[in-house]
Amino acid sequence: MSMRPVGVARSGPPDREHALRRAATEYLRLLAQAGYHPTDTTVAVERTTEFLRQLDHISHEDGENAGAARILGAELAGAIPGLPTSSRFVGPLASAILLAAPTEATPAWALHAGYAVAGYAEALAERALGEQETILRAAVAAREHRITELQDRLHHAATHDRLTGLSNRAVLEEWCGRPLAETGALAILVVDLDGFKQINDRYGHRVGDELLVAVAERLRLVTGPEDCVCRYGGDEFVIATAGGDDKAQAIAARLLTDIAQPFQLSAGPVRVRASIGIATAEADSRDAASLIHTADRAMYVAKSGGGHRYHTEHRPSE
């Protein structure tokens, strides 16, 4: 702590020095009564004593030096390690300054003492405002973060299937309507599980739900991040992909193999197979509902042929 805005204060006569140190000690005692205990009492007493020395110094100069006295008080507020910002810590300083008053205190001493206390109080108040502002900003940021998280959850709930986490029909329709970067060709695959009802009847709906979640994960693994994978309802899934019929058939062939592998569920290994219908269209014939209807019809052709296969139907340009 510098606290030397107007010159260097020097220790006075021994009696005066003793009085200043006694007042500094009393200040720390009163602070303790108010709830503050410094981490290093010796340092706190020394800094308070130095503050009182300098208050003596400017009070013996000619004229009023309110600015210097205010600076002294403000510096003391920042020089006591860990001093809280509550106004209840202003009274102890005022009491200590009264105790430190010279035997023959001059009006200048009393005036500068008042300015010093005012500077000390103002510094604590400014720190309190700064702390409150920091707390308020943190609270606002936390609230905004919670609102953003809530909005994200609401958006996810509105655009994704609750059970599998896959996209829903709204996302699928939006995906089908967007411009395709590489090609105007679009393919829709409708994937329906063969014998899913029998699995539900045998193991119960909880295991049936486990199977749907596991199938959804295999669909994710087979498709790419640029594709749209959707649970369309029940045990029916829809995949939208750009690239036309060749890519769609490659996806379908791998899906037939992967889905046929046993699923390790709570009831043990469960086997299921799938029927897949594919519909493709060019850019001028990309109505999502119509394409899904065509792919659904193709899926039933595959299922009527015994299942565990895929069938493709092409929609001509309109």
Give me the three principal axis extents of the chain from the C-alpha atoms, as integers in angstrom, largest value leading. 114, 47, 23
For region 58-180, what is the largest minus smallest coordinate of the Cα atoms on each principal axis, given in angstrom and ordered from greatest to least? 92, 29, 18
If you place +1 on the Cβ of every Lys and Arg, -1 on the Cβ of every Asp and Glu, and leave all else neutral, what size is the dipole of the chain about its Cα centre, to the nearest 20 Debye? 880 debye
Ratio Rg/Rh [Cα only; Rh per Kirkwood] for region 169-314: 0.98
Express the relative contact order of the chain as a whole percentage, based on alpha carbon pairs under 8 Å and six or more residues apart in sequence. 14 percent
Label point 7 Å out from Glu131 along Cα-to-Cβ: which residues of region 30-73 have amide N under 17 Å? 31-40
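Every read-out reported here was derived from the displayed coordinates using simple, explicitly stated rules and does not represent laboratory data. Quantities reported herein were computed from a predicted structural model and do not represent experimental measurements. Because the Cβ atoms are built from the backbone with ideal geometry, glycine has one as well, and the counts that use them run over all protein chains shown.
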